[in-house]
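Data block below; observations after.
The values are calculated or read from the model by the stated rules, or taken from the named source; none is laboratory data. None of these values were measured; they are calculated from a predicted model. Cβ sites come from the backbone with ideal geometry, for glycine too, and all protein chains shown count toward neighbours. With ligands, DNA and RNA removed, areas are computed over all heavy atoms of the protein, side chains included. Shrake-Rupley method; radii C 1.70, N 1.55, O 1.52, S 1.80 Å.
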Amino acid sequence: MVLPGLKIDSESSVPVYRQIAEGIRLQALEGLLHPGDRLPPTRDLARQLGVNRNTVVAAYDLLSSDGTVHSTTGRGTFLAGGPQEPQTDGERSSAGEGAWFTTFSRAVAGPGIERLLSMYQVALSREGISFAGSYPAGDLIPVEPFRNAMASVLREDAAGSLAYGPTAGLPGLREWLAKRMRKTGSDVSAENILVTNGAQQALEITFRAFLDPEDPVVLEDPTYTGVLSIVSSLGARAIGVPTDNAGIRPDYLEAAMDRHRPRLLYLQPTFHNPTARVMTATRRREVLDLAVRYNCPVVEDDWAGGLRFEGVELPTLHALDGGRHVLYLSTFSKKLMPGLRIGWVAAPVEVVQRLIALKQITDCGTSPVLQAALLRFLENGDLENHLDRIRSAYRKRRDIMLESLARHFPAEVAWEVPEGGLFLWIMLPDGLDSGELFVAARREGVLFSRGEVFHVDGSGSNTMRLTYAAVPPGRIDEGIAILGNLIRKRWADSDRPAREAIEETLPIL
């Protein structure tokens, strides 16, 4: 197949790979391409357009990230929304009887799901040096203390811990979590706590409890990709509100509240993913005042609680609000062990009861034996020992990355110094695109997270997120040096367009 109408403009300031991607999208919209059509192989299209094959690879990767196309190894890249080309008898035989499953519900077929799958494939990759996943360091997982806790549980009550448990979570763990939250100012009891399979399940059932299709939900822009995927799968409408160094902008937030009357407001006030910023105390109160005024429940995602290595600890939104209008979510995945998959929700009792019903439908309950082992681990004081250890290690890795950025990146690249968390947010200079950089860096064995996957509208192509926590200290400088060389080369080859002063206007929310 060829794409005769596809043309590129070598004089345009838009990167060539983006021109190719937009050209394919336009042909699809105009009916020149149809769902299920196979796109030309990258070599053929590169030859047709007179460009490097890697440029076409970057274009296809961009289209894949937003769900416009899907690829099958050995068969090609197809426009999403329809069946692929007919299989040969050999392909049909090797694929098995399940190969006729080619259509899915909107909940799992939309661009939000494709974006999430694409990102998680990168985040879980073992290749090269990965700054991509927002994961804790595998070499710092407290294996022995947790093994001892698990052995103790199985020795003392194997039959009980391996049986079904209460959907809401083990009473002892719920009480421990409530007590922990009371120490930080939240007025909660065990009845207000629901134990979940990680924060992702907590988010999914919370959103499902409040949102119907087409309901608006306000998010910080940029925001966590997992939430964008949840909103997309529910058929709800994501309303992105800009942020600054102090957090979500109250002026823009008020405009969004007034216009859309959202059902939920989702926030990450502490070590926001992906920017790692911390919402100021003043801004927290302003945002809560707006939420109360517009009668909009707040979902507070405190995924990085306990990962501060400098600065002043601020009260959570839940503590400031007294838990009246804020649903608080947190997890042990980022500060302890990702494979543990234990998180929790703190909410008013009437909300918790609805969430328990949804969780019962989903999985009947989080693993009792893992909950029991975690509780023993917590009661032994092993969490505090672990947090002391990783805070020191992560601060060291952050500092190594900051020193490497200063040494290898051009002065036009900007970043902020996080007070905790797992990663840094990078702003590239004008004329550079993180998607194009991603393809080039991957060929050099370095991975990172492209900024556009965190934006509601897919913007942010000049941004990137770099995780320092999961990378061995000795490899951080090596990876940053490779990225710096690629950035300098592209910066030198670009026309370096001057940054225009743009008068700030209220965005269309």
Suppose we look only past 12 Å in the calculated P(r) of the range 209-254. What percent of the Cα-Cα pairs does that tail hold? 61
How much area per residue is accessible in the chain when the probe is 1.4 Å and only protein heavy atoms are counted (Å²)? 45
Working out 0.36 nm times the residue gap between Arg147 and Ala406, then minus their Cα-Cα distance, what length gain in nm do you get to one decimal? 89.2 nm
Filtered hits (aspartates and glutamates, Cα-Cα < 16 Å from Lys183, offset >= 8 within chain) -> Glu175, Asp302, Glu313, Asp321, Glu379, Glu384
At 1.4 Å probe size, with the rest of the protein present, what percent of the exposed accessible area of the chain is carbon and sulfur atoms? 52
q = 0.11, 0.12, 0.17 Å⁻¹: log10 I(q)/I(0) that the Debye formula gives for the range 149-284, counting C-alpha atoms only: -0.55, -0.64, -1.05
What distance in nm separates the simple spin-label points at Arg293 and Glu384, each placed 7 Å from Cα in the Cβ direction? 4.2
May I ask for the distance between the Cα centers of the range 300-357 and the range 398-429, given as a whole number of Å? 28
How far, in degrees from 0 to 90, does helix 143-161 lean away from the longest principal axis of the Cα atoms of the chain, to the nearest 10? 60
Normalised contact order of the range 280-371, rounded percent, pairs of Cα under 8 Å and 6 or more residues apart: 23
As a check on your grasp of the helix formula, calculate [θ] at 222 nm for the chain: sum -39500 (n - 2.57) over DSSP H runs of n ≥ 4, divide by the residue count, round to the nearest 500. -14000 deg cm²/dmol
What does the highest-first list of 232-239, 474-481 look like by mean Cβ count within 10 Å? 232-239, 474-481
Compute the label zone of Asp430 within the range 445-466: residues whose backbone N is under 17 Å from the point 7 Å along Cα-to-Cβ. 460-463
Principal axis box of the range 331-391, alpha-carbon based, largest edge first, Å: 38, 23, 19
So for the range 403-443, what are the equivalent ellipsoid semi-axes in whole Å, largest first, each being the square root of 5 times an eigenvalue of the Cα gyration tensor? 20, 13, 11
If you fit an axis through the alpha-carbon atoms of helix 16-29 and take the longest principal axis of the Cα set of the chain, what angle between them do you get, 0 to 90°, nearest 10? 90
How about Lys359: which aspartates and glutamates have a C-alpha closer than 13 Å to its C-alpha, ignoring those fewer than 8 places off in the same chain? Glu204
On the formula 1/(1 + (r/R0)^6), with r taken between the Cβ atoms of Glu416 and Val349 and R0 of 35 Å, the FRET efficiency rounded to 0.05 is 0.35
Cα extents of the chain along the three principal axes, largest first, in whole Å? 68, 57, 50
Pairing the Cα long axis of helix 250-260 with the longest principal axis of the chain, what angle in degrees results, from 0 to 90 and rounded to the nearest 10? 80
Which entries in Lys7/Lys489; Lys179/Lys396; Lys179/Lys334 show an alpha-carbon gap greater than 29 Å? Lys179/Lys396
Where both partners of a DSSP beta bridge lie in the chain, what percent of those bridges are antiparallel, to the nearest 5? 60
Starting with the highest mean, order 154-160, 299-305 by the number of other Cβ atoms within 10 Å, averaged over the residues of each peptide. 299-305, 154-160
Share of pairwise Cα separations in the range 265-400, more than 27 Å, in percent: 30
